[in-house]
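These notes are about the structure you will find just below.
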Amino acid sequence: MQLKKGTQRGFVIISESAGDESGWSVSSAGDVNGDGLDDLIVGAKNAKVGKEYSAGKSYVVFGKQDNTNTIDLSDIAYGIGGFVINGESAGNQSGYSVSNAGDVNGDGLDDLIVGTNTAKTGKSYVVFGKQDTDPIELSAITAGKGGFIINDESGRNFSGCLVSSAGDVNGDGLDDLIISAIYSGDQDNRFKPGKSYVVFGKKDNTAINLSDIAAGIGGFVINGESVSVSDDLYVMGRGMPAGHSVSSAGDVNGDGLDDLIVGARAADPSNKLNAGKSYVVFGKKDNTNAIELSDIVAGTGGFVINGELAYDKSGWSVSSAGDVNGDGLDDLIVGAYTADTGGSIYAIKKYNVGNRMLYSVKKIPIPLNYQIFLLVLVALLSLAS
């Protein structure tokens with residue numbers, strides 16, 4: 001398949017202005033306006049909003065049944081075929097990450113989550129679904145109008161640079177969210193392990209502080225693996241905190257709760273430098289206690305997927321794959337960006353032995369000429385979940 005204009009297999013979305021980097025992030029938006037067609041969201045992290053450079057914009061493109069081959073985001077900004085979400089202030093780069101949020105507030109319309117990259121304290125915005133095409137100002141979301149803001153736990157953690165729907169992790173009927181803060185940590189002389197925050201769906205518009213989530217109020221935190229740094233310890237590699245990629249995993253273990261997957265592309269399993277790891281965290285509804293990824297490695301509350309070879313960087317991208325093999329359990333897809341000559345993806349196959357579930361990883365080689373296409377495909381799958 002060739003990605004070009006003028007085909008009858010889809011349509012092209014073109015940017016509003018040069019240099020705005022529209023398409024930096026893309027995702028399914030679910031059915032935001034309730035017309036029965038799924039919609040799209042496109043992030044443009046460097047878009048100018050008024051006089052605010054790199055405030056960023058996100059464009060919600062409504063689903064359509066006509067044969068129009070091109071959608072111009074300048075039309076979306078004017079409310080034709082969708083609506084625009086304008087960033088709050090210069091340099092925040094809203095739209096750095098975007099995702100369908102599922103139905104967070106239970107009103108029957110799918111919602112959205114928009115993350116920032118360089119907001120001084122880290123911010124993510126939940127935008128409730130709506131049927132009109134009026135523009136949304138993220139400053140209004142901050143004020144609790146049409147959604148709510150999620151504030152970082154502490155400064156410089158970059159929470160919001162990776163956001164995703166989490167599915168319904170706690171089984172309350174409302175969809176939840178997962179937000180990564182990859183530079184979080186370094187407490188108690190620990191190497192930065194990263195954190196991911198699971199925010200439970202809710203029906204009100206009050207702001208959420210990730211410090212509350214870390215305390216088990218309204219969600220729970222997933223703490224990355226860490227090592228203590230001392231003069232007697234050699235830390236292998238620079239490392240990459242857990243949470244470089246995050247996604248809903250669907251219901252991997254068949255317990256009726258949605259699960260999560262967290263990637264750490266430069267982790268060193270079995271002393272394989274930068275082989276990468278991906279952690280599958282099972283959904284839970286009985287408590288909001290913090291989850292330690294070291295427990296996941298030990299097989300408590302989930303399982304770990306270890307990269308095959310040094311420098312594979314498995315976990316670069318992660319996503320639910322749906323039920324690929326029709327066994328009633330959701331499957332996963334893990335990207336290994338630098339494996340072999342053209343990258344590889346890993347299909348996760350499940351084996352049921354009695355009441356114990358085992359997992360194996362099968363490597364799928366990728367011809368070099370498909371490298372770019374599959375990198376985009378895996379990224380889109382991760383964002384669309």
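Summary of computed values
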{"item": "Near pairs, Cβ below 9 angstrom, 6+ apart or cross-chain, from the range 174-190 (crowded, with 24+ Cβ neighbours inside 10 Å) to any residue that is at pLDDT below 70 and basic (Lys, Arg)", "result": "ILE182/LYS192; SER184/LYS192"}
{"item": "Filter pass, ILE80 being assigned to a strand (DSSP E or B), aliphatic (A, V, I, L, M) and either without any contact (Cβ under 8 Å) to a residue 60 or more places away in the chain or closer than 18 Å to ILE113 by Cα (or both)", "result": "no"}
{"item": "Complete set of residues in the range 57-90 that are of a type in the set (Ser, Thr, Tyr), surrounded by fewer than 21 Cβ atoms within 10 Å (Cβ to Cβ) and within 25 Å of the chain's Cα centre (by Cα)", "result": "SER89"}
{"item": "The lone exception for VAL324 - which of (1) under 26 Å from ALA339 (Cα atoms); (2) free of Cβ contacts under 8 Å to residues at least 12 places away in the same chain it fails", "result": "(2)"}
{"item": "Residues located in the range 230-267, provided they are at pLDDT below 85, surrounded by fewer than 24 Cβ atoms within 10 Å (Cβ to Cβ) and at positive phi", "result": "GLY237, GLY239"}
{"item": "Residue under evaluation VAL98, criteria (1) farther than 23 Å from ALA77 by Cα; (2) buried (at least 20 other Cβ atoms within 10 Å of the Cβ); (3) out of contact with any Asp or Glu (no Cβ under 7 Å at 6 or more places or on another chain), criterion not met", "result": "(1)"}
{"item": "Output for the range 268-317, where each listed residue is within 21 Å of the chain's Cα centre (by Cα), aliphatic (A, V, I, L, M) and either in a helix (DSSP H, G or I) or at positive phi (or both)", "result": "LEU293, ILE296"}
{"item": "The range 170-186, subset farther than 25 Å from GLY36 by Cα and outside any strand (DSSP E or B), residue farthest from the chain's Cα centre (by Cα)", "result": "ASP186"}
{"item": "Qualifying positions in the range 113-158 - under 14 Å from GLY34 (Cβ atoms) and either polar (S, T, N, Q) or not in a loop (DSSP other than H, G, I, E, B) (or both)", "result": "GLN131, THR133"}
{"item": "Evaluation of ASP75 against (1) part of a helix (DSSP H, G or I); (2) touching an Asp or Glu at 6+ places or on another chain (Cβ under 6 Å) (one fails), failing number", "result": "(2)"}
{"item": "Residues of the range 52-72 that turn out to be assigned to a loop (DSSP other than H, G, I, E, B) and either in contact with a Phe, Trp or Tyr (Cβ under 8 Å, 6 or more places away or on another chain) or touching a residue at least 12 places away in the same chain (Cβ under 8 Å) (or both), as a count", "result": "11"}
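The values are calculated or read from the model by the stated rules, or taken from the named source; none is laboratory data. This structure is a prediction, so every number in the text was calculated from the model and none was measured. Backbone-built Cβ (ideal geometry, glycine too); neighbour counts: all protein chains shown.
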